[in-house]
Amino acid sequence: DTAVSQTPKYLVTQMGNDKSIKCEQNLGHDTMYWYKQDSKKFLKIMFSYNNKELIINETVPNRFSPKSPDKAHLNLHINSLELGDSAVYFCASSGGKKYGYTFGSGTRLTVV
Amino acid sequence: GIQVEQSPPDLILQEGANSTLRCNFSDSVNNLQWFHQNPWGQLINLFYIPSGTKQNGRLSATTVATERYSLLYISSSQTTDSGVYFCADYGGSQGNLIFGKGTKLSVKP
């Protein structure tokens, strides 16, 4: 009965590869997010989708492309992976501004 | 955008001790939330507390929106309280959370 689930949990890949991270929420929330947590634990917004529509697209290289096939899913595709992309990527969802966020368990991406 | 300052950055406690973590904001507080990231990396929402006081077991939180700060109290700390505590508030009209840098708490047995 996981509320926000991400797959895979761990991802080790070589530079230059393309990879995807999947996220699904069963909370009925309208808004989903991707956050990046760096090695110093700092959490920063990357993208936000509301009902499949892109709302926020922070300063992120265009090698990162989010896709939301429906409001319960928000996937993250990364092209031409670089060493600096190594981080933990969190998916989250929210029912709106007056509600708390629920985070997935994170995907630890290591680029070698 | 909004700036979020957390203090202290690091805290070491003996099991059973109490502690207070603080969060200051550069702008008005709208939708403040406290999170705990456990040693396994999982982020758990502790409180949604735009104003007032809430309690959940040994944890309680108080937000004074007019003075732009929030406090998280941990009483009778346990080793399972270890991890990083984050506060966050909405930084813009689109509703994304802006996070502080966190307080790393270590509770020793």
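With 5 Å bins beginning at zero, the pair-distance distribution over Cα atoms of the protein assembly as shown amounts to 1, 7, 15, 19, 18, 16, 12, 7, 3, 1 %. Using only Cα atoms, locate the centre of segment A:66-84 and the centre of segment B:15-53, then give the distance between them in Å, rounded to an integer. The two parts, judged by their Cα centres, are 28 Å apart.
Within a Cβ distance under 12 Å of A:Leu76, other residues only, what is the Lys/Arg minus Asp/Glu net charge?
On the way: positive: A:Lys19, A:Lys22, A:Lys36, A:Arg63, A:Lys67; negative: A:Asp18, A:Asp85.
Taking every other residue near A:Leu76 into account, the sum is +3.
Simple spin-label model, 7 Å along Cα-to-Cβ: A:Ala3 to B:Asn18 in nm? With each label point 7 Å from Cα toward Cβ, the separation is 2.9 nm.
Relative to the present Cα-Cα distance, how much length would full extension add between A:Leu27 and A:Thr110 at 0.36 nm per residue of separation? Before the final figure, lay out the partial values.
On the way: separation 83, 0.36 × 83 = 29.88 nm, distance 2.93 nm.
Value of the extension gain: 26.9 nm.
Amide H contacts of A:Ile55 (H built 1.01 Å from N, in plane; Pro and chain starts excluded): A:Ser48, A:Tyr49, A:Asn50 sit under 5 Å, all sequence-distant by 5 or more or on other chains. For segment B:4-108, the C-alpha radius of gyration divided by 2.2 N^0.38 Å, with N the number of residues, is 1.01.
So what is the diffusion coefficient of segment A:62-105 in µm² per second by Stokes-Einstein at 20 °C and 1.002 mPa s, using a Kirkwood Rh over Cα pairs?
Details: Rh = 12.4 Å.
The Stokes-Einstein estimate is 172 µm²/s.
In summary, the convex hull built on the alpha carbon positions of segment A:9-66 has an orientation-averaged projected area of 5.1 nm². The value of relative contact order for segment B:38-83, using C-alpha pairs under 8 Å at least six residues apart, is 32 percent.
Once the other residues with Cβ under 13 Å from the Cβ of B:Leu13 are scored (Lys, Arg +1; Asp, Glu -1), what is the net sum? Working shown, then result.
On the way: positive: B:Arg58, B:Lys104, B:Lys108; negative: B:Asp10, B:Glu15, B:Asp81.
So the environment of B:Leu13 carries a net charge of 0.
Take the Kirkwood radius over Cα pairs of segment A:4-111, plug it into Stokes-Einstein at 25 °C and 0.890 mPa s, and you get 179 µm²/s for translational diffusion. The distance from the alpha carbon centre of segment B:55-109 to that of segment A:8-22 is 32 Å, rounded to a whole number. For A:Lys41, list the lysines whose Cα falls under 25 Å from its own Cα; do not include residues on the same chain fewer than 8 positions away. Hits, sequence-local ones excluded: A:Lys9, A:Lys19, A:Lys22, A:Lys97, B:Lys101, B:Lys104, B:Lys108.
Give me the net charge of B:Leu32's neighbourhood, meaning all other residues with Cβ under 14 Å from the Cβ of B:Leu32; Lys, Arg count +1, Asp, Glu -1.
Values: positive: A:Lys97, A:Lys98, B:Arg22, B:Lys54, B:Arg68; negative: B:Glu5, B:Asp27, B:Glu67, B:Asp89.
So the environment of B:Leu32 carries a net charge of +1.
A cut-off of 5 Å between modelled amide H atoms, ignoring neighbours fewer than 5 places along the same chain, links B:Gly102 with B:Gln6, B:Cys87. Rounded to the nearest whole Hz, the Karplus-based 3J(HN,Hα) values (6.51 cos²θ - 1.76 cosθ + 1.60, θ = phi - 60°) of segment B:54-69 follow the sequence 9, 10, 9, x, 7, 9, 9, 9, 10, 10, 10, 4, 5, 9, 6, 8, with x at glycine and proline.
Each reported figure results from applying straightforward, stated rules to the coordinates on display, with no laboratory input. Because the structure is predicted, anything quoted here is derived from the model rather than measured. Cβ atoms come from the backbone with ideal geometry, glycine included; neighbour counts cover every protein chain shown.
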